[in-house]
Amino acid sequence: MSAVPKKILFAMSDTGGGHRSAAMAINAAISTASDASCTTVDFLRATRFPGLHKAPEIYDYCSKKHLWLNNLFFKKTDSVRRINTLTKMVYLQAGQHIERELAEIEPDIIVAVHPLVIGLMRLARERLQASWPIITVVTDLVTFHASWATPGADWYLTPTGEATNLLAKNGVSLQRIVHTGFPIHPKFAQARLTQTQARNELGIDSGKFTVLLTGGGVGAGGLGEWVSMLEKQCADKQILVITGNNKGLYNELKSKKMPSHINIYGFVGNMEVMMAASDIVITKAGPGTIMESAAMKRPLIITEAVGIQEIGNISYVEQNQLGYYCPSPELACKTINGIASQLCGENNPFDRREVITDGSSRIATFILQHMVGAGTQIGDGGNTLGSVS
């Protein structure tokens, strides 16, 4: 009896916090079911290709200051054929760096959680004559770049039915698509803290209606203006502000004399506690925070879409009754004050449609079933997971 391979490689890029968060969420789910070792590599950075190796910094800059550049790049490259051409150009110059990373890790399976690495992994597999499968985990909900449909992966796991349809529209065979749900960290679906316990853990007032304001991992979305408006129009509410990796905003807000009911945080690793302590979550239309809030049963106020890829998430939230779209701080404050009397932590009557909250566990199961040596051959399109599809 041959041993089942146990090396899983997550191929991604730190363009925003969502891709690494997805890898960490799946990793956590895998660790509860297997002793497989998981490694995460930013392959855009690893290419050392001019410009591309700075993709995380470029995305961070565009998200905060020049979103139009991000959207321009999206529009100009939103084609599977164009992405294939660009990928081949990059690999021609940077293939040796990618192959060196792969040689050090010797993966048994590759999980792509970023669209721009799918083609690079496919070319590497061909060049090295490797046998490891490639599984793509789509981390955008509704509207996404055509690069997610880059050919070469053996399976494409989707977070929503809308994502499944868009992949198929862009040429991916339905036999290779499995709807698993979004990969949120298991700690959100398994959260045990009550609202009072979470507030006590954070050291905040346990009796006030609490609003959580976050701009995602990069701290985008003009949070400074929102904090100012919430301070004025929701003065009786407790406000938790997460600035993410936006150190400039964090220092700016911390330098001001904020009233005691406004709490400023930088990048946090206990978002499930922050959400458990809150009554409502204000955020940009990032897929991770949306699905985490849904798992925690906290209603959302969506402020904006940061990039074309997030536009469809606004309608997704509204259509699934997960929250409200409030593009201005004034409208958000009016909405918060209007529903505050109806919301009460665990007794939250907010009506919503159920969404898949155990996506990470489903994805982990699929990965473990499809590693080389686990009984499924590369490219057969098989799905042995049963209830996932």
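Before moving on, here are some points about what is shown:
- Computed from Cα positions, the angle between helix 67-77 and the longest principal axis of the chain comes to roughly 30 degrees.
- Counting other Cβ atoms within 10 Å as a rough exposure proxy, the listed residues Tyr91, Tyr156 run Tyr91, Tyr156 from fewest neighbours to most.
- For Leu157, the residues 5 or more places off, or on other chains, whose built amide H falls under 5 Å of its own are Thr136, Val137, Val138, Val178.
- Note that segment 90-97 has calculated 3J(HN,Hα) couplings of 5, 5, 4, 8, 10, x, 4, 5 Hz, one per residue in order, obtained from phi through the Karplus relation 6.51 cos²θ - 1.76 cosθ + 1.60 (θ = phi - 60°); glycine and proline are x.
- The distance linking segment 140-192 with segment 8-74 is 16 Å (Cα centroid to Cα centroid, whole angstrom).
- Phi angles across segment 131-145 convert, under the Karplus curve 6.51 cos²θ - 1.76 cosθ + 1.60 with θ = phi - 60°, into 3J(HN,Hα) values of 10, 6, x, 10, 10, 9, 10, 6, 10, 10, 7, 10, 9, 8, 5 Hz, Gly and Pro given as x.
- Here the residues Met291, Met258, Met271, ranked from fewest to most Cβ neighbours within 10 Å of their Cβ, fall in the order Met258, Met271, Met291.
- Dividing the convex hull volume of the alpha-carbon atoms in the chain by its residue count gives 135 Å³ per residue.
- Residues whose amide H lies under 5 Å from that of Gly323, counting only those 5 or more places away or on a different chain, are Leu300; hydrogens are built 1.01 Å from N in the peptide plane.
- Mean separation of Cα contacts under 8 Å (6+ apart) over length of segment 190-347, as relative contact order %: 24
- Highest-fluctuation residue, Leu123, Leu331, Leu322 considered, GNM on the chain with Cα pairs under 10 Å: Leu331
- Mean separation of Cα contacts under 8 Å, 6 or more apart, over the residue count of the chain: relative contact order %: 19
- Rounded tilt (10° steps) of 18-31 against the dominant C-alpha axis of the chain: 70
- Shown in residue order for segment 120-130 are the 3J(HN,Hα) couplings computed by the Karplus curve 6.51 cos²θ - 1.76 cosθ + 1.60 at θ = phi - 60°: 5, 5, 5, 5, 5, 4, 5, 5, 8, 6, 8 Hz (x for Gly and Pro).
- Sorted largest first, the principal axis extents computed over the alpha-carbon atoms of segment 190-347 equal 36, 36, 30 Å.
- The dipole here belongs to segment 190-347: it is taken about the Cα centre, uses +1 on the Cβ of Lys and Arg and -1 on the Cβ of Asp and Glu, and is about 300 debye.
- In terms of overall dimensions, the C-alpha atoms belonging to segment 194-286 reach 32, 27, 23 Å along their principal axes, ordered largest to smallest.
- For the chain, the longest principal axis of the alpha carbon atoms and the long axis of helix 55-64 meet at an angle near 30°.
- Under 5 Å, built H, 5+ apart or other chain: amide partners of Phe10: Thr39, Thr40, Val41, Val111
- Simple Cβ-charge dipole of the chain, Lys/Arg +1 and Asp/Glu -1, about Cα centre, in debye nearest 20: 640
Quick note: the coordinates plus some simple rules give every number you see, no bench work behind them. What you are looking at is a predicted structure, and each value in this text was computed from that prediction instead of being measured. Cβ: placed from backbone, ideal geometry, glycine included. Neighbour counts: every protein chain shown.
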